[in-house]
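Note sheet for the following structure.
The values are calculated or read from the model by the stated rules, or taken from the named source; none is laboratory data. For clarity, every value in this text was computed on a predicted model and none was experimentally measured. Cβ atoms come from the backbone with ideal geometry, glycine included; neighbour counts cover every protein chain shown. All accessible areas refer to the heavy atoms of the entire protein, side chains included, with ligands and DNA or RNA removed. Shrake-Rupley method; radii C 1.70, N 1.55, O 1.52, S 1.80 Å.
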Amino acid sequence: MKEKVSDRVGSAFGGETYEQDVIVIGAGGAGLRAAIEARLQGLSVGLICKSLLGKAHTVMAEGGAAAALAYVDNRDSWKVHFRDTLRGGKFLNNYKMALLHAQEAPDRIKELEAWGALFDRTEDGRILQRNFGGHRFPRLAHVGDRTGLEIIRTLQDKAVHLGIDVYMECTITKLLKDGDKISGALGYWRTTGESVLFKAKAIVLATGGFGKAYRVTSNSWEYTGDGHALAYHAGADLIDMEFVQFHPTGMVWPLSVKGILVTEGVRGDGGILKNSKGERFMFRYIPDLYKAETSDTEEEANRWLAGDKSARRPPELLTRDVVAKAIVKEVKEGRGSPHSGVFLDIASRRSAEDIKRKLPGMYQQFKELAGIDITKEPMEVAPTCHYAMGGVRVDAETAAATVPGLFAAGECAGGMHGANRLGGNSLSDLLVFGRRAGLGAAEYAKKLSSQPTVDMGEVQQAQQQMSEPFERSRGETAYKIISDLQEMMETYVGIVREEKELSLAVEKIQQLKKRAQNVCATGDKAYNPGWNYALDLTSLLTVSEAIILAAKERKESRGALTRIDYPNTEEDWGKVNVVIRKKGTEMTVAKEPLSEMPEELKALLQETI
Amino acid sequence: MHKATLPKELETTGLGKTARKDKWLFEPLWTGLGFAIFVVYSTWGALNPGPAGHPYYEWGPYLSPFFSPLFLVKAWPDWWPKILRTPALFVLWAPLGFRATCYYFRKFFYRTYLLDPPGCAVGEARSHNYKGEKGFFIYQNLHRWFLYPAVALVIILFYDGVKAFFFADGFGIGVGSLVLIIEPILIALFTFSCNSFRHLVGGNLDCYSCSFSNRARYQVWGKVSLLNRNHMFWFWISLGWVGFSDFYVRMVAMGIWTDWRIL
Amino acid sequence: MEKLIFKVYRGDSGKGELKEYQIEVDEGMVVLDAIHKLQATQAPDLACRWNCKAGRCGSCSAEINGFPKLMCMTRIDELPKGNPITVEPMKAFPIIKDLVTDVSWNYEVNKTIPPFTPKPPEPDGTWRMQQKDIDRVQEFRKCIECFLCQDVCHVLRNHNKHSQFIGPRFLIRVASLEMHPLDTVDRRELLKDQFGIGFCNITKCCTEVCPERITITDNAIIPLKERVVDRYYDPLAWLIRQLKRVFKPSAK
């Protein structure tokens, strides 16, 4: 169990040392599920959380977890789910991941029920599923608008009783290697600021995304791309970094709540988008790919809402990339709401009672933070940075990264979602691949004959680096640099991008990196956010640079990447991933081919259902 | 791990110590005063049944709820204290016991009279050996014992209420009839909104859809739950009305007020 | 924009002070925004927990003007004008630094609750449950573990019964298991003894502070107390049990 081995290590390292078979970094859904699986394999498992246990970003997931259970519409199957996922990802997904995901998601959801989760029910007592953008059939298992909370709490309680060692409020700053293999991780306790060393045979990264690279985001302070940066510096590949999902509906007013998420469930349950002229503008933005399955008249969309299965889905339920771009265009062309958003209206579509029952969180959020009663008035919404499609390149079956002993799951892994993630696919992603990562790590650790050795010189150097912000007497605070970085990313690397601005961003990021070398912290190490941010800043800069370089490399528009200088989707670009890799100290960019999909799967994609 | 001592800047133990800036004292004050008035009046009322031939608890078809059901003692034993020679004695223990162990009353009683705590996030007297309802107050678990007679009493009070419409000259409606029919309605709302009652009708089930009787009990439980949300309101309004009912009958019986016949 | 005076606790569990700051506030700002502004401009090392900033994770618990609240859901314009706004850490737990307290006790308590143990599933490996069977439990599962109820509960706050009483948060959790239509474990003996439900004198402060508006006392704690009464204190239930024992002699 939690074995403190500081004494054995001797004086080379001053802090605490723990030794474990598998270390999982990140305690959201993916991390918890990975830890559970590795523990079920009989290994000693440590779970590291940047915050307290149960506060990770999964808790913010609202709408639901997509799984083709076919309880609500029996036409659904893993085949349709697979097809929808690839169409949503604009065919750039790692098809093996999308396939495993579609096939295994139902079992992962049922498993949660066996662990005590209580999803909303259908009339015949099964799990109720709701509609969501890009999903052909109602597919999202949900609990009102707090599905993520249900999932994280279920996993948390399961983990607690399995004897997993939990290290709370601990941030990892470096992965350690023995030759080419992973050997451990170094970090610090947030509460004391003291360093801590974890020795492990295998490490699973489940650190989530990097929304904090942007100013308007639905993500919390934790989301600084730590896992992406750790993996990158450890020599792993990052793919699809150019694809950053902007969720179409974030709050816009008051200013202090700008970016807070408004669940897609609002649209899934019938909510519609209108511009300042009162037009339901989404009818004008239906891409060819979705023409066959999307209503083109309000009359048909209304029939769909009333439950007519022959009616096609309303255009508000197009994929997130499409809706976000449409909103940006409406605002740009002068048809936006007073605070540069559009109107999301559920009040005129559902009864007040229904809204309060199905969307209680949204109701409270608007009532308390914006003074708006969503059962009576429309909400004002605009896109907000929400999710990273890009991440650590992994093997679909085992979630293994390109570095032996390193695994990644959930948002910090890349490939599963291609160029755009469908809503609801991330909760199922983290269950499916969390489990696979835990299993992969356990199998790897079991095969390893001995504990890899940690290079204490490397540890000391990294430890020294951590303290540097305190040693600078003059310099800027991390707050200032992060805020400038966020503004730069929003201005030059936002929803709509072009070469000129991306080139400028390349210059700006270099300047910011220079400034970061002078970042300073005051006070002492104990629970000092100024210092913590200074360390997070390193990760943020790394991922930001990767986003910029990848976006600059891909000369087309696809899914979440919109290049106004290359507005079309190019077939050739659909066959390659942009890969970011560290060579020496340089960040390099490469194009590498996607693996070829078997014909029978290809056939599924073109099916009109 | 236990709570460490707080630095003195943050210390809020010590009676009434708090950083709260709102008027938290208001609620315990009015409820405390309101209840004290009731206790004083009801004690006085119960102990003053009036002269034997001309009791103050009865007038025409009206009977004060403090004395219902009426148990008349022909001759009290000599050793029985004079002050306690009242028929209310046989009755009042039930509603008083029911109210004194009521979950709402407990909240109010502990807060207002025992100052344990006087308000949320408000400090308490420094050292007292708190045992909650594990020590002396374990008797609060008797609430259910009192619920059973309380339900019986509702029926009896309804009987009294209906009887109050039948005067010596036949059916009629006096102001007193109305007072005495409203009274059991309020008592019923208080009794059937009780948390114990809510538990017994359906709260103790884990699966509402699993059998016919469970489905039926779910319906009842749902209704009782609705009532239960306002248990505090029913507590106060029924308490006040019962007191007023006794007062009304007493005033009429004493000849101070005249009962106005509507019909 | 107007300038307001905030008094924020700075220090640890040994010593500290309510330090005064002037902060410019905009329309619609919540207390957490003010704290963030303070960190970015005047006090970079001011410690405070937060994550979602939307009332969903339960990290930013504190005492604002003496009342336990989430900082992210407390709008500044709804606080009384004129007086300085005080922001203090929770008081039922040891202070680590500034607004951050050591809440690890809660995680230890959670481990002592016997886990969910379902009855056997239907032949297809799943269960059937009606919405009405789970409505009650879903209310309890809304809990975001902000621990404000633990903070305000005088049994913990004033009487330090941390070793004998699990507090409202975990009574909610026990309720969510006990009333779960699939669960098979009986936790009433634990409730009465180890979990110390008798320490609760139902003064309902937990319900008053719950940011998720869970009716903690009336829907969870009192029903649990009633279930304990069923087993240990109800004369009628006792009689029925005895009769059952007499008329159904261990046939099975």
Requested in this report: Rank by packing, highest mean first: peptides A:63-73, A:102-112, with packing defined as the count of other Cβ atoms within 10 Å averaged across residues.
Outcome: A:63-73, A:102-112
Query raised in the report: Which net charge results when you count Lys and Arg as +1 and Asp and Glu as -1 among the other residues whose beta-carbon is under 11 Å from that of C:D234?
Result: +2
Report summary line: Heads up, the range C:104-237 by the C-alpha gyration tensor (a ≥ b ≥ c square roots of eigenvalues; a/c under 1.5 rounded, else a/b over b/c prolate, else oblate) looks prolate
Requested in this report: Keeping every protein chain in place, order A:D572, B:D259 by accessible area at 1.4 Å, biggest value first, i.e. largest first.
Outcome: A:D572, B:D259
Query - Rounded, prolate or oblate (a/c below 1.5 giving rounded, otherwise prolate when a/b exceeds b/c) for chain A by Cα gyration tensor - result: prolate
Query - Amide N proximity, the range B:94-132 versus B:V40 label position 7 Å along Cα-to-Cβ, cut-off under 13 Å - result: none
**Report entry** Phi-based couplings in Hz for the range A:443-460 (Karplus 6.51, -1.76, 1.60; Gly and Pro marked x)
**Finding:** 5, 4, 5, 5, 6, 5, 6, 9, 5, x, 8, 9, 7, 5, x, 4, 4, 4
Report task. Please report, in cubic angstrom per residue, the volume enclosed by the convex hull of the alpha-carbon atoms of the range A:465-582. Result -> 107
Report summary line: In whole angstrom, the spacing between the Cα centers of the range B:31-106 and the range A:105-168 equals 57
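Taking the mean number of other Cβ atoms within 10 Å as a proxy for protection, how do you rank B:68-77, B:176-185 from highest to lowest? Show your work: numbers first, answer last.
Details: B:68-77: 11.6, B:176-185: 21.2.
The peptides rank, most packed first, as B:176-185, B:68-77.
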Query raised in the report: From the Cα gyration tensor of the range A:87-222, with a ≥ b ≥ c the square roots of its eigenvalues, which class applies: rounded if a/c is under 1.5, or else prolate if a/b is larger than b/c, or else oblate?
Result: prolate
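For the range C:2-100, give me the percentage of DSSP beta bridges that are antiparallel, rounded to the nearest 5 percent. Don't skip to the end; give the middle numbers.
On the way: 18 of 21 bridges.
Of all bridge pairs located within the range C:2-100, approximately 85 percent are antiparallel.
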Query raised in the report: In whole Å, what are the Cα extents of chain B along the three principal axes, biggest one first?
Result: 75, 52, 40
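Based on the Cβ-Cβ distance from C:R231 to B:A100, what FRET efficiency comes out when R0 is 35 Å, to the nearest 0.05?
Numbers: r = 23 Å, r/R0 = 0.66.
Between C:R231 and B:A100 the formula returns 0.90.
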Query raised in the report: Taking the range A:245-321, how much of its Cα-Cα pair set, in percent, is spaced more than 18 angstrom apart?
Result: 46
Requested in this report: Keeping every protein chain in place, order A:C520, B:C210 by accessible area at 1.4 Å, biggest value first, i.e. largest first.
Outcome: B:C210, A:C520
Query - FRET efficiency, 1/(1 + (r/R0)^6) with R0 51 Å, evaluated for A:E498 and B:K23 via beta carbons - result: 0.30
Query raised in the report: Based on Cα positions only, what radius of gyration and what Dmax would you give for the protein assembly as shown, in angstroms?
Result: 32.7, 111
Query raised in the report: Average partner chain C-beta neighbours within 10 Å, per residue of C:131-144?
Result: 6
Report summary line: Each label sits 7 Å from Cα toward the beta-carbon; between B:A125 and B:K82 the label points are separated, in nm, by 3.7
Query raised in the report: About its Cα centre, how strong a charge dipole does chain A have in debye, to the nearest 20, once Lys and Arg get +1 and Asp and Glu get -1 at the Cβ?
Result: 280
**Report entry** Bins of 5 Å, starting at 0 and running to the largest distance - Cα pair percent for the range B:123-235
**Finding:** 2, 10, 13, 14, 14, 13, 11, 9, 6, 4, 2, 1, 0
**Report entry** Amide N proximity, the range B:135-171 versus B:I262 label position 7 Å along Cα-to-Cβ, cut-off under 13 Å
**Finding:** B:165
Query raised in the report: What would the Debye formula give as log10 I(q)/I(0) at q = 0.15, 0.23 Å⁻¹ for the alpha-carbon point model of the range C:2-100, no solvent?
Result: -0.53, -1.34
Query - Cα centroid of the range A:413-436 to Cα centroid of the range B:141-213, whole Å - result: 58
Report task. Give the residue from A:V432, A:L502, A:Y492 lying farthest towards the positive end of the charge dipole for the range A:430-507; charges sit on Cβ (+1 for Lys and Arg, -1 for Asp and Glu) and the dipole is referred to the Cα centre. Result -> A:V432
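Take each of the peptides A:82-90, C:224-232, average the number of other beta-carbon atoms within 10 Å over its residues, and list them starting from the highest.
Numbers: A:82-90: 25.2, C:224-232: 20.6.
Put in order of decreasing packing, that is A:82-90, C:224-232.
If you take each beta carbon of peptide C:107-119 and count the beta carbons of other chains within 10 angstrom, what is the mean?
Numbers: counts 7, 1, 0, 6, 4, 0, 3, 1, 7, 8, 1, 4, 0.
For peptide C:107-119, the averaged partner shielding equals 3.
How large is the Kirkwood hydrodynamic radius of the range C:51-104, counting all unique pairs of alpha carbons, in Å? If you can, show how the numbers build up before the last one.
Numbers: mean 1/r = 0.0842 Å⁻¹.
About 11.9 Å, per the Kirkwood formula over Cα pairs.
Using +1 on the beta carbon of Lys and Arg, -1 on that of Asp and Glu, and nothing else charged, what's the dipole of the range A:382-503 about the Cα centre, debye to 20?
On the way: 11 positive and 16 negative charges, 83 e Å.
Here the range A:382-503 has a charge dipole of around 400 debye.
Per residue of C:231-240, how many C-beta atoms from partner chains lie within 10 Å of its own C-beta, taken as a mean? Could you put the intermediate results ahead of the total?
Numbers: counts 0, 1, 8, 10, 4, 5, 3, 0, 0, 0.
Mean shielding count: 3.
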Query raised in the report: Under the rule of -39500 (n - 2.57) per DSSP H run of 4 or more residues, summed and divided by the residues of the protein assembly as shown, what mean residue ellipticity at 222 nm is obtained, to the nearest 500 deg cm²/dmol?
Result: -12000 deg cm²/dmol
Query raised in the report: Semi-axes of the equivalent ellipsoid of chain C: what are they in whole Å, largest first, if each equals the square root of 5 times a C-alpha gyration tensor eigenvalue?
Result: 43, 19, 15
Query - Distance (nanometres) between label positions extended 7 Å along Cα→Cβ at B:F90 and A:K555 - result: 10.5
Requested in this report: Could you please state, rounded to a whole Å, how far the C-alpha centre of the range A:315-394 is from the C-alpha centre of the range A:175-217?
Outcome: 34
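Once R0 is set to 51 Å, what does the formula 1/(1 + (r/R0)^6) return for the Cβ-Cβ distance between B:A168 and A:S348, expressed as a FRET efficiency to the nearest 0.05?
Numbers: r = 64 Å, r/R0 = 1.25.
Efficiency, rounded to the nearest 0.05: 0.20.
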Query - A:Q465 paired with B:W30, simple spin-label distance in nm, labels 7 Å along Cα-to-beta-carbon - result: 6.4
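Percent of alpha carbon pairs in the range A:51-159 separated by more than 19 Å?
Values: 2688 of 5886 pairs.
Summing the P(r) of the range A:51-159 above 19 Å gives 46 percent of all pairs.
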Query raised in the report: Given a 1.4 Å probe and the protein chains all in place, what does the accessible area of C:V185 round to, in Å² to the nearest 10?
Result: 50
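So which trypsin sites (Lys or Arg not before Pro) in the range C:1-74 are both in a DSSP loop and have at most 14 other Cβ atoms within 10 Å of their Cβ? Mind showing how you got there, number by number?
Working: sites: C:K3, C:K7, C:R10, C:K15, C:K19, C:K37, C:R49, C:K53, C:R56, C:K69; in loops: C:K15, C:R49, C:K53, C:R56.
Those satisfying the criteria are C:K15.
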